[in-house]
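In what follows, a single structure is set out as structure tokens and then discussed.
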Amino acid sequence: MTASEKEAGILAVLIERFEQQRLPRALDLKDKVDKGERLNEWDTAYLDEILEDVEEVKLLVDKHPEYQDLYARAVHLYKEITQRALENEKGTQGSD
């Protein structure tokens, strides 16, 4: 197996995981924060995990520009979630 074939296999697995696991969970979190709710410890641990993966995936995406748009859209979604979650935290601190 060549390095290129190995990378293609890794990308295929990452995309499948994103479509079946990560995107649905991210959309649930986006819905949650858009309703003004706060993230719980499991939600923030999940986002931390995602942010660690983003760095590793970026190295592969840089070699495969055909995935850059998908990558950028996913990163933007996670950024929206974290920004809104932070706004929600700031908004509820005074009411604790």
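Does the stretch 28-41 contain any residue that is farther than 13 Å from residue 84 by Cβ and among the hydrophobic types (A, V, I, L, M, F, W, C)? Checked the stretch 28-41: no residue is farther than 13 Å from residue 84 by Cβ and among the hydrophobic types (A, V, I, L, M, F, W, C). Checking the stated criteria, residue 61 turns out to be touching a helix residue (DSSP H, G or I) at 6+ places or on another chain (Cβ under 7 Å) and either among the hydrophobic types (A, V, I, L, M, F, W, C) or closer than 30 Å to residue 92 by Cβ (or both).
Results for (1) closer than 16 Å to residue 18 by Cα; (2) among the acidic types (Asp, Glu); (3) modelled with pLDDT of 95 or more, shown as yes or no for each residue.
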{"position": "34", "(1), (2), (3)": "no, yes, yes"}
{"position": "42", "(1), (2), (3)": "no, no, yes"}
{"position": "65", "(1), (2), (3)": "no, no, no"}
{"position": "83", "(1), (2), (3)": "no, no, yes"}
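Can you tell me which of 86, 47, 70 is free of Cβ contacts under 8 Å to residues at least 60 places away in the same chain and surrounded by 15 or more Cβ atoms within 10 Å (Cβ to Cβ)? Checking each option against the conditions leaves just 47. Please indicate, with yes or no, whether at least one residue in the stretch 44-65 is over 30 Å from residue 4 (Cβ atoms), under 9 Å from the mean Cα position of the chain (by Cα), assigned to a helix (DSSP H, G or I) and aliphatic (A, V, I, L, M). Within the stretch 44-65, one or more residues are over 30 Å from residue 4 (Cβ atoms), under 9 Å from the mean Cα position of the chain (by Cα), assigned to a helix (DSSP H, G or I) and aliphatic (A, V, I, L, M). Return yes when residue 80 is under 29 Å from residue 4 (Cβ atoms), charged (D, E, K, R), under 14 Å from the mean Cα position of the chain (by Cα) and in a helix (DSSP H, G or I) and no when it is not. So residue 80 does not fit the description; no.
The values are calculated or read from the model by the stated rules, or taken from the named source; none is laboratory data. These numbers come from a predicted model, not from an experiment. Using ideal geometry, Cβ is built from the backbone for each residue, glycine included, and neighbour counts are taken over all protein chains shown.
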